[in-house]
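The next block holds one structure in the form of structure tokens; read it before the comments.
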Amino acid sequence: MSKINPLLTLDVIELRDRLASGAVRAVEYVEACLARIAEIEPQVQAWAWLDSDHAIAQARALDARRQSGAPIGPLHGLPVGLKDVIDTARIPTSNGTVLDSGRVPEDDAVLVSRLKAAGAIIMGKTVSTELAFMHPSKTRNPHNPDHTPGGSSAGSAAAVGAGMVPLAVGTQTGGSIIRPASFCGVVGFKPTFGAIARTGVLSQSPSLDTIGVFANSINGAAMVAETLFGHDAHDPATTPSPTPRLLDTAKSDPLVTPMFAFVRPPQFEDVADEETVMAFEEITKMLGDQCFEAPLPKAFDDASALRARINFAEMAKDYYAYEKRGRDQLSSEILEAIDKGNDVKARDYLAALDWRKILNAGLKEVFARCDAIITPAAPGPAPADLNTTGNAIFNGLWTYCGTPAITIPLLWSQSGMPMGIQLVGKIGDDARLLRTANWLKTYLSTQGET
């Protein structure tokens, strides 16, 4: 591969400022992205749909708008990749399944409308695993094509990790933002449940589905998430409340040095690899008095099973039309989950929903003593196995509880693959989580951990 264009290495905030001032034209940047895609897409295979002419046309229109003196949006000229479960008007959205091949929505998802209103360029549709579940996609890890990029937001994470686009949007029902971000070496931000409207996005499990973002920096993730936050009357998970100032807070200095709670998630001793264990021993040691270990009560051991019970029961309902229309064209992973969901009793499903309140009460005690929980984003680096999307065991608890979480790409394995640190924040305190993430990245960088 040839040397990457310097434009593509810019932090997305600096890129935004250059695009807004005209120092970089939107067309110039999109052309750089397209050249990068043409070079490495055959290896990475991150895109489900891409039309160069459409991307260039959007960039030209935005350049003309800026030159005319008209107001520009906060994401002016920034290309964004969209997971192929997010509806885009007059652009194919196949939801990662042959059963939706050729499907072209009439309307944009709410989040797509917000991106367009902010001046973003819809670069294309990134690959999703089948129906945003666990059957591996065609996408490869940008750091080594023999390794999985994770899932289900495989293409979104890989596109940002490969420098094809600075921003992408994905979804998480188990670990589909945090894990692929860790595997692909990018920032992945899963906000508080219900922060970003899901109207126009494939529904797998309404009690768990969460929109998240990928970026080449923490501030970049804060910037695009702030644009997407907000109430939508058609999504009951959202609430009419003021949009938090995510970017300004993320860039600000904490009033006091942050405190961290190190949490060994359920099954940590069984599944975390040696490199992960050693890395977190070193990190917690370096943080010293600013970090304490917070053992989770035994009730948390059942969180994975409870989350799966909700996921499968709701999937059986939401994917019934797919099963009825083409069961023989669905993967074994999807069919197994649907069949398990059909067997879930109503009392067990409702009890699983209730248990979230109990677990969040336990987490409230932890957050009373810290700014963020620090925990692994994955058991280790991306497996050298294209028949898996990796283990989401360290992510599902936080999706189940609805807490915000972020992957910070700070570690590297001995094999040269990235490994992420996961920070988890209190529900609704997304801005403080982002600020704490910036503080931790800067602190560990000064300690030589990167």
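The values are calculated or read from the model by the stated rules, or taken from the named source; none is laboratory data. Treat the numbers as computed from the prediction; the structure is a model and nothing was measured. Quick reminder, even Gly has a Cβ in these numbers, built from the backbone with ideal geometry, and neighbours come from all protein chains shown. These accessible areas exclude ligands, DNA and RNA; they are computed on the full protein's heavy atoms, side chains included. Shrake-Rupley method; radii C 1.70, N 1.55, O 1.52, S 1.80 Å.
Over the stretch 17-168, with the other protein chains present, what is the accessible area per residue in square angstrom, probe 1.4 angstrom?
Ligands and nucleic acids excluded, the result is 35 Å² per residue.
Expressed in nm to one decimal, what extension gain is obtained for the pair Lys340 and Lys251 from 0.36 nm per residue of sequence separation less their Cα-Cα distance?
27.6 nm
Report, as a whole number in µm² per second, the diffusion coefficient that Stokes-Einstein gives for the stretch 120-230 at 37 °C and 0.692 mPa s using the Kirkwood radius over alpha carbon pairs.
241
Just to be sure I understand the rule: take each whole DSSP H helix in the chain, project its Cα atoms onto its long axis, keep it if the span is 18 Å or more and its mean Kyte-Doolittle hydropathy is at least -0.5. Which ones pass?
Both cut-offs are met by 26-44, 274-287, 303-318, 346-367, 430-446.
Under the rule of -39500 (n - 2.57) per DSSP H run of 4 or more residues, summed and divided by the residues of the chain, what mean residue ellipticity at 222 nm is obtained, to the nearest 500 deg cm²/dmol?
-12500 deg cm²/dmol
With charges only on Cβ, +1 for K and R and -1 for D and E, what is the dipole size of the stretch 371-450 about its Cα centre, in debye, rounded to 20?
In debye, rounded to 20, the stretch 371-450 gives about 140.
Dipole magnitude of the chain about its Cα centre, charges +1 at Lys/Arg Cβ and -1 at Asp/Glu Cβ only, in debye to the nearest 20?
920
In whole angstrom, note down how far apart the Cα centers of the stretch 108-154 and the stretch 361-440 are.
A separation of 20 Å, based on Cα centres.
In the stretch 179-273, if every C-alpha pair distance is counted and binned at 5 Å from zero, what percent goes to each bin?
Calculated over all Cα pairs of the stretch 179-273, the distribution is 2, 11, 16, 18, 20, 17, 10, 5, 1 percent.
Using alpha-carbon pairs under 8 Å, 6+ residues apart, how would you state the relative contact order of the stretch 244-300 in percent? Could you put the intermediate results ahead of the total?
On the way: 27 pairs, mean separation 29.3, N = 57.
So the answer I get is 51 percent.
Considering only DSSP beta bridges where both residues belong to the stretch 36-141, give the percentage that are antiparallel (nearest 5).
On the way: 4 of 9 bridges.
Once the DSSP bridges in the stretch 36-141 are tallied, antiparallel ones form about 45 percent.
Compute the projected area of the convex hull of the Cα atoms of the stretch 283-373, averaged over all viewing directions, and report it in nm² to one decimal place.
8.3
Round to a whole number: what % of the accessible area of the chain belongs to carbon and sulfur, probe 1.4 Å?
Result for the chain: 50 percent of the exposed heavy-atom area is carbon or sulfur.
With every protein chain left in place, what is the accessible area per residue of the stretch 231-284 in square angstrom, probe 1.4 Å?
Accessible area per residue: 59 Å².
Once ligands and nucleic acids are excluded and a 1.4 Å probe is used, how much of Asp385 is accessible, expressed in Å² to the nearest 10?
In the full protein context, Asp385 sits at about 60 Å².
Around Phe260, which amide H atoms from residues at least 5 apart in sequence, or from another chain, sit under 5 Å from its own amide H, with H modelled in the peptide plane?
For Phe260, the qualifying residues are Cys291, Phe292, Asp371.
Evaluate 2.2 N^0.38 Å with N set to the residue count of the stretch 312-450, then give the Cα radius of gyration divided by it.
In units of the globular-protein estimate, the stretch 312-450 measures up at 1.32.
With a cut-off of 8 Å between alpha carbons and a minimum separation of six or more residues, what is the relative contact order of the chain in percent?
17
Based on the alpha-carbon gyration tensor of the stretch 241-319 and its eigenvalue square roots a ≥ b ≥ c, which shape applies: rounded if a/c is under 1.5, prolate if not and a/b is larger than b/c, or oblate?
Oblate is the answer for the stretch 241-319, as a/c is 1.5 or above yet b/c matches or exceeds a/b.
Over every pair of different alpha-carbon atoms in the stretch 380-450, take the mean of 1/r and invert it; report that Kirkwood radius in Å.
13.7
Charges at C-beta only: +1 for Lys and Arg, -1 for Asp and Glu. How large is the resulting dipole of the stretch 68-211 about its Cα centre, in Debye rounded to 20?
So the magnitude is around 220 debye.
Throw me the Rg/Rh for the stretch 1-78, computed over C-alpha atoms with Kirkwood Rh, two decimals.
So for the stretch 1-78, dividing Rg by the Kirkwood Rh gives 0.99.
If you take the square roots of the eigenvalues of the alpha-carbon gyration tensor of the stretch 30-115 and sort them as a ≥ b ≥ c, do you get rounded (a/c under 1.5), prolate (a/b over b/c) or oblate?
Working: a/c = 2.49, a/b = 1.36, b/c = 1.84.
Oblate, because a/c is 1.5 or more while a/b does not exceed b/c.
For a quick check: with amide H placed at 1.01 Å from N, whose amide H comes under 5 Å from Leu167's, ignoring anything fewer than 5 positions away on the same chain?
Here Gly81 satisfy the definition.
Can you send over the solvent-accessible area of Cys370, 1.4 Å probe, protein chains only, in Å² to the nearest 10?
So the heavy atoms of Cys370 present about 10 Å² to solvent.
Subtracting the Cα-Cα distance from 0.36 nm times the residue separation, let me have the gained length for Ala299 to Asp385 in nm, one decimal.
Details: separation 86, 0.36 × 86 = 30.96 nm, distance 3.27 nm.
Length gained, Ala299 through Asp385: 27.7 nm.
Hey, what's the stretch 320-450 come to in accessible area per residue, 1.4 Å probe, Å²?
44
Between rounded, prolate and oblate, where does the stretch 1-158 land on the alpha carbon gyration tensor, with a ≥ b ≥ c its root eigenvalues, rounded for a/c under 1.5, else prolate if a/b exceeds b/c?
oblate
How much of the DSSP bridge set in the chain is antiparallel, in percent, rounded to the nearest 5?
The antiparallel proportion sits near 70 percent.
Please go through the stretch 325-420 and write out the trypsin sites (Lys or Arg not before Pro) that DSSP classes as loop and that have at most 13 other C-beta atoms within 10 Å. Please report the intermediate quantities before stating the final value.
Working: sites: Arg325, Arg327, Lys340, Lys345, Arg347, Arg356, Lys357, Lys364, Arg369; in loops: Lys345, Arg369.
Counting only loop positions with at most 13 other Cβ atoms within 10 Å, the trypsin sites (Lys or Arg not before Pro) in the stretch 325-420 are Lys345, Arg369.
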